[in-house]
Structures are given as structure tokens and as C-alpha cells.
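These notes are about the structure you will find just below.
The values are calculated or read from the model by the stated rules, or taken from the named source; none is laboratory data. Just so you know, these numbers come straight off a predicted model, no measurement behind them. Every residue, glycine among them, receives a Cβ derived from its backbone with ideal geometry; neighbour counts consider all protein chains shown.
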Amino acid sequence: MSKKRRRHSPEQIIKKLRDSDAMLAAGKSIGEVLQALEVSEATLSRWRSQYGGMKSEEAKRLKALEEENNRLKKIVADQALDISMLKEITKGN
């Protein structure tokens, strides 16, 4: 029985964290909560450390900043490669 991996948006994660807190407060076991949310204990734990206490808008902003950061890192890497190639070319002349 293999489960299909699913990506959750920051908003969905925040909602599931809120739901998990509500279910636990209502006396449900961690197993019941994990089953209801269809996530593993490791995933829930990772989400808590990453998004715990965040509002939906803050999570969205964090995700956008992470994406921008990755895009900028790629640009810097490409430029470093270009500079390196140009140095090699000019060495030969």
C-alpha cells in the first residue's frame, strides 16, 4: 500500500496544524489525529517546527521569500560560472 506524496500549501499546513491542536485538545490520540489529517508523525513534527505559531499570511510570505532566495542563488551560481568560463577563455589568449 503506497501512498501518493502530496505537496501542501503553507495555508493548508497552518490549517492542519490548527486542526491537530483542536483534535488533541478534544482528547483524540496522536494516532487518530495523524490518520484524520493523513500525514505521518514526522511530517506533523516538521510542520510544527517550521510553521508552529505562524499565521497563514506569514507562512505564505516565508514561502515566497524562500522561493526568491533560491532563484537568486541560481542567478549567482550562473554568473560565477560565466566569470569562470571567461577567465579560462582569456587565459588562452
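Take the stretch 16-50 and flag every residue that is part of a helix (DSSP H, G or I), surrounded by fewer than 15 Cβ atoms within 10 Å (Cβ to Cβ) and over 15 Å from the mean Cα position of the chain (by Cα).
Within the stretch 16-50, R18, D19, D21, A22, L24, A25, I30, G31, E32, Q35, A36, E41 meet the criteria.
G53 meets all of the listed conditions (1) of a type outside the set (S, T, N, Q); (2) under 30 Å from R7 (Cβ atoms); (3) surrounded by 10 or more Cβ atoms within 10 Å (Cβ to Cβ) but one, namely (3). Within the stretch 51-93, the set of residues being free of Cβ contacts under 8 Å to residues at least 12 places away in the same chain and under 30 Å from R18 (Cα atoms) comprises G53, E57, E58, R61, A64, L65, E66, E67, E68, N69, N70. Taking (1) among the hydrophobic types (A, V, I, L, M, F, W, C); (2) at pLDDT below 95; (3) closer than 25 Å to E67 by Cα in turn, A42 satisfies each apart from (2). Summed over the stretch 51-93, residues that are outside any helix (DSSP H, G or I) and at negative phi total 4.
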